[in-house]
Amino acid sequence: MLKGRLLKDRIARHYMLLATIFSIFILFLIGGGLLVKSLPIMQEKSLWTLLTTSNWRPFKGDFGFASYILSTLYVTAIAIAIALPLSLLTSIYIIEYASPRILRAFTAVVDLLSGIPPVIYGVWGTLTIVPFISEKLAPHFVEFSTGYSVLAGGIVLAIMIIPLIISILIEVFSAVPKEMREASLSLGATKWQTVKKVVIRKSIPGIVAATVLAISRAFGETIAVLMVCGNFTTLPKSIFDACYPIPALIANNYGEMMSVPRYESALMFAAFLLFFIIVLFNVISRLVLIQIDKRYQL
Amino acid sequence: MELMTAPSIAEQPTPKAKSSSGCLRPHIEVENLNLYIQNNHILKNINLAIPDKSITCIIGPSGCGKTTLLRTFNRLHDGSVDVKITGKLFVDCEDIYAKDTEVTHIRKKMGLLAQRPCSLPMSIIDNVVYGPRIHGVRGKRKLYAIARHQLNAVGLWGEVKDRLKSPASKLSIGQQQRLCLARGLAVEPEIILGDEATSALDPISSKTIEELFLSIKDKYTIVLVTHTLRQAKRIADYVAFMYMGELIEFGTADQVFNHPKHKLTKEYISGGFS
């Protein structure tokens, strides 16, 4: 006969195991559900056709996802290219150079920024970034741009993920022990040498993790991007052209025109694609992290 | 009771003058040094002259300010905003707290051994040549030679020569401390600062480090903070006793341990308090 507290211990453990299994199971549930729903279109067209053509004429039964996939990748790439360097420099400044008072004030601001709803970023982007691109920036490079473009999406997205990256990086850099910095400084290294060769080096896994999280978030961001991207199904030829990322496609069309054959299935396939890209991306970054660990000998 | 009887410089054992630079001061000389952390008076009017090419141990009970004093020598307090320092500190006749003094060349003169060895996040060899690299030494062969020489100097070469490229963090803690010493020596310092450098080590590793200090003291000025009296007795040439932020007594090891002038010193070394 088990005593009460031992019994509780056992129940608690099993209960937690169950909860753990359930949360992992959800991942497969979502992936499986999307896959099943997108099967009809995958049976009708080859995967290759779906992924490499960009004709999108639901009424005629043409479903090509190339422009959506490319749009998603473009916008995300631009966002990361802008956000990562800025966030790195900012968080290094905050941790290594700024006074504790600035650190506290800044952390509060960053938390606030990440709490602002995406739709506000979207509106702000429409009011400022879009006209700026169409009137000031684009005329230097292309003949005509409405401003609703890959670049606008990238910029708005960058602004949205900067607080996320910074708040993670601040944690990552603070985790580097003070003694390690002192070891470097006491050898006569300058502050910048110490930052570059010790702090950043020690933080590489953390920086990669922050980037992965930011990219995953950027892939899926919908509303803000949808508001400034133009949502036009073509292969964007330059960053000043309109584009149509996958999340925007789903959000704009799901629930409408469902009478069109295969339309729902096509949108489900889009969702599955997004899901698959993110999972694949996470797996790859895990592998990269393992390699980094081996190579940099942290 | 007079606590302010820190011996005047005249009474202290006369250190060898540094002839090369024409500098007539002792290697490290502290003049009226005061240190405050958020208005707490931590170091009180310290006057101290540390002689060249010998081992000076700073002893005293916990919280007496010995580590704080040691860290003023290479300006490691620079990073803390709430630390205020007044007074003068001369290294090779250069006042390191003067306004226009550039800090990296002062730190380059001193190797620091921390309480717990702190290897940098890189391979063993990269740890040793970290200093030379940041000071502009280039060339694989040259760096390898430096690493080999310094690892030999700390008796680590035989143990690590087959795995120079493996992470330094994989070494035992005693090996890491020797690695840190090698890393410090690689920038060719004049001074070695040790902040309870053996307190985290096992007895055998401690002994190895102590012996290392003894074997290199004819080339370096070594300043060690320790709260193991026995260690100070074993290796010190000069001893500084601190209490509550003040320097109570400074003299040769023989004088401080066998004929202490001050009552507090006598009590402390006889184990009256710790």
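Just so it is clear, none of the values below were taken in a lab; they were calculated from the coordinates. Everything quoted here is computed from the prediction, not taken from an experiment. Heads up, the Cβs are rebuilt from the backbone with ideal geometry, glycines too, and the neighbour counts pull from every protein chain shown.
Absence of a disulfide-compatible partner, taken as no other cysteine beta carbon within less than 4.7 angstrom, is noted in chain B for B:C57, B:C64, B:C118, B:C180. Put a plus charge on the Cβ of each Lys and Arg, a minus charge on the Cβ of each Asp and Glu, and nothing anywhere else: the dipole of the range B:119-188 about its Cα centre is then about 280 debye.
Gaussian network model of chain A, Cα springs within a sub-10 Å range: biggest mean-square fluctuation belongs to which of A:E171, A:E179, A:E44? Of the options given, A:E179 has the highest mean-square fluctuation. Show me the chymotrypsin sites (Phe, Trp or Tyr not before Pro) within the range A:143-209 that DSSP assigns to loop and that have at most 10 other Cβ atoms within 10 Å of their Cβ. Taking the range A:143-209 and a limit of 10 other Cβ atoms within 10 Å, the loop chymotrypsin sites (Phe, Trp or Tyr not before Pro) found are A:F144.
In this label model, A:T234 and A:L89 are separated by 3.4 nm, measuring between points 7 Å along each Cα→Cβ vector. To the nearest 0.05, how large is the calculated FRET efficiency for B:S199 and A:A81 if R₀ is 51 Å and r is the Cβ-Cβ distance? After rounding, the FRET efficiency stands at 0.60.
Only helices enter the 222 nm calculation for chain B: every DSSP H run of n ≥ 4 contributes -39,500 (n - 2.57), and dividing by all residues gives -8500 deg cm²/dmol, rounded to 500. Pairs of Cα atoms nearer than 8 Å and 6+ residues apart set the relative contact order; for the range A:126-169 it is 34 percent. Modelled spin labels at A:S23 and A:V123, positioned 7 Å past Cα toward Cβ, are 3.4 nm from each other. Under conditions of 4 °C and 1.567 mPa s, the range B:119-188 yields 113 µm² s⁻¹ as its translational diffusion coefficient, taking Rh as the Kirkwood radius over Cα pairs in the Stokes-Einstein equation.
For chain A, the square roots of the Cα gyration tensor eigenvalues, ordered a ≥ b ≥ c, give a/c of at least 1.5 with a/b no greater than b/c, which places it in the oblate category. This ranking places A:I292, B:I191 by how few other beta-carbon atoms lie within 10 Å of each, fewest first, which gives A:I292, B:I191. By the beta-carbon count within 10 Å of each Cβ, the least crowded to most crowded order of A:R101, B:R71, B:R183, fewest first, is A:R101, B:R71, B:R183. Taking the centroid of alpha carbons for each part, the range B:158-194 and the range A:1-47 are 50 Å apart.
Put the Cα centre of the range A:130-151 next to the Cα centre of the range B:93-123 and the gap is 52 Å. Here the label points at B:K53 and B:E267, each 7 Å from Cα along the C-beta direction, are separated by 4.0 nm in the simple model.
For the protein assembly as shown, the dipole from Cβ point charges (+1 on Lys and Arg, -1 on Asp and Glu) about the Cα centre works out to 1360 debye, to the nearest 20.
Out of A:W124, B:G271, A:L164, whose Cα points farthest toward the positive end of the dipole of the protein assembly as shown (charges: +1 Lys, Arg; -1 Asp, Glu; placed on Cβ)? Farthest towards the positive pole: B:G271.
Relative contact order for chain B: 27 percent, from Cα pairs under 8 Å spaced at least 6 residues apart, divided by residue count. From the alpha carbon centroid of the range B:16-85 to that of the range B:223-250 is 13 Å. With the charge dipole of the protein assembly as shown set up from +1 on Lys and Arg Cβ and -1 on Asp and Glu Cβ about the Cα centre, the Cα lying farthest toward the positive end among the listed residues A:I11, A:N253, A:S54 is that of A:I11. Taking R0 as 25 Å, what FRET efficiency do you get between A:F59 and A:F276 from their Cβ-Cβ distance, rounded to the nearest 0.05? Efficiency, rounded to the nearest 0.05: 0.40.
Quote the relative contact order of chain A in percent (integer), defining contacts as alpha-carbon pairs under 8 Å separated by 6+ residues. Walk me through the intermediate numbers first.
Numbers: 368 pairs, mean separation 80.7, N = 298.
Relative CO of chain A lands at 27 percent.
The charge dipole of chain B, taken about the Cα centre with unit charges on the Cβ atoms of Lys, Arg (+1) and Asp, Glu (-1), comes to about 1100 debye, rounded to the nearest 20.
Compactness of the protein assembly as shown was expressed as the Cα radius of gyration divided by 2.2 N^0.38 Å, which yields 1.32.
For chain B, the Stokes-Einstein estimate of translational diffusion at 10 °C and a viscosity of 1.306 mPa s comes to 82 µm²/s, using the Kirkwood hydrodynamic radius over alpha-carbon pairs. The order of A:T211, B:T86, going from fewest to most other C-beta atoms within 10 Å of their C-beta, is B:T86, A:T211. For chain A, the mean residue ellipticity at 222 nm estimated from helices alone is -23000 deg cm²/dmol, where every DSSP H run of n ≥ 4 contributes -39500 (n - 2.57) and the total is divided by all residues, rounded to the nearest 500. GNM remark for chain A: springs join alpha carbons under 10 Å apart, and the peak mean-square fluctuation among A:I170, A:I246, A:I116 falls on A:I116.
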